[in-house]
Amino acid sequence: MQEISLYEDKMNKTLDNLMAEYGTIRAGRANPKVLERIRVDYYGTPTPIQQVGNVSVPEPRMLLIQPWEKSLLKAIEKAILTSDLGINPTNDGSVIRLIFPELTEERRKELSKDVKKKGENAKVAIRNIRRDANDTFKKQEKAAEISEDDLDELIDKIQKLTDKMIDKVDKAVESKTKEIMTV
């Protein structure tokens, strides 16, 4: 029954979105993914930092951004300062260094609350997809497009899929929280 695959795709997209959001949460270690949402003004076009220079991790708590054009140093610095990253870039005239401070216990707790909240939002989205699927199946049964047995089978399958996806969200929340709380 191909109807389930449509809802499975939607649930997977919800999970992928959650993982992308988790990638941008810094956990004390330098991770180039935190720069993914930052755009640099490149000749009037907002461009991702990764497309205007080389981003490397020379040390566990440092990102090094080496722009392909020296003229972009100021623009990259400005983009980082105006972002919500909360780190002051160091510009030495050829590269930009981002030094990630150790997270305080308070900040770790805030971040883990944020992680849990994003996880809950993902679970709500998955449950909404399940509800939409069940509504669609019930309408099909009312319109005599599927039998009552098919309806029961589809509702059972969508419930198992929902349980599996919520379990994946729980594991992602647990993993990211552990990463954040590890000193």
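Just a yes or no: is a residue in region 93-102 out of contact with any Cys (no Cβ under 7 Å at 6 or more places or on another chain), assigned to a loop (DSSP other than H, G, I, E, B) and of a type in the set (A, V, I, L, M)? Yes; the residues of region 93-102 include at least one that is out of contact with any Cys (no Cβ under 7 Å at 6 or more places or on another chain), assigned to a loop (DSSP other than H, G, I, E, B) and of a type in the set (A, V, I, L, M). Against the numbered list (1) within 30 Å of I38 (Cβ to Cβ); (2) open to solvent by 50 Å² or more (accessible area, probe 1.4 Å); (3) of a type in the set (D, E, K, R); (4) in contact (Cβ under 8 Å) with a residue 40 or more places away in the chain, K70 comes up short only at (4). The number of residues in region 98-127 that are β-branched (V, I, T), surrounded by 14 or more Cβ atoms within 10 Å (Cβ to Cβ) and free of Cβ contacts under 8 Å to residues at least 24 places away in the same chain comes to 0.
Among the residues of region 36-75, what is the count of those that are assigned to a helix (DSSP H, G or I) and either farther than 24 Å from E21 by Cβ or hydrophobic (A, V, I, L, M, F, W, C) (or both)? Qualifying residue count for the region: 7. Hey, any hits in region 88-99 for a residue that's touching an Asp or Glu at 6+ places or on another chain (Cβ under 7 Å) and of a type in the set (V, I, T)? Yes - at least one qualifying residue is present in region 88-99. Taken together, the criteria exclude V95 from residues that are at negative phi, open to solvent by less than 70 Å² (accessible area, probe 1.4 Å) and touching a Gly at 6+ places or on another chain (Cβ under 8 Å). Only residues that are under 16 Å from T47 (Cα atoms) and hydrophobic (A, V, I, L, M, F, W, C) were counted in region 68-99, giving 8. Filtering K78, K10, K33 for residues that are assigned to a helix (DSSP H, G or I), touching a residue at least 40 places away in the same chain (Cβ under 8 Å) and either open to solvent by 70 Å² or more (accessible area, probe 1.4 Å) or over 30 Å from I158 (Cα atoms) (or both) leaves a single hit, K10. Just one of the listed residues (R97, R29, R107) is out of contact with any helix residue (DSSP H, G or I) (no Cβ under 8 Å at 6 or more places or on another chain), at pLDDT 80 or above and closer than 24 Å to S175 by Cβ, and it is R107. Being touching a Lys or Arg at 6+ places or on another chain (Cβ under 7 Å), open to solvent by less than 30 Å² (accessible area, probe 1.4 Å) and among the aliphatic types (A, V, I, L, M) is the filter here, so list the residues in region 36-66 that pass it. M62 - this is the single residue of region 36-66 that is touching a Lys or Arg at 6+ places or on another chain (Cβ under 7 Å), open to solvent by less than 30 Å² (accessible area, probe 1.4 Å) and among the aliphatic types (A, V, I, L, M). Taking the conditions exactly as written (surrounded by 17 or more Cβ atoms within 10 Å (Cβ to Cβ) and closer than 26 Å to N121 by Cβ), does M181 satisfy them or not? No; evaluated as a whole, the condition is false for this residue. Within region 146-163, restricting attention to residues that are open to solvent by 80 Å² or more (accessible area, probe 1.4 Å) and touching a helix residue (DSSP H, G or I) at 6+ places or on another chain (Cβ under 9 Å), which residue is nearest to I4 (Cα to Cα)? For region 146-163, the residue satisfying everything is K157.
The values are calculated or read from the model by the stated rules, or taken from the named source; none is laboratory data. Just so you know, these numbers come straight off a predicted model, no measurement behind them. With ideal geometry, Cβ positions are generated from the backbone for all residues, glycine too; neighbour counts draw on all protein chains shown. Areas reflect the complete protein model, heavy atoms only, side chains present, ligands, DNA and RNA absent. Shrake-Rupley method; radii C 1.70, N 1.55, O 1.52, S 1.80 Å.
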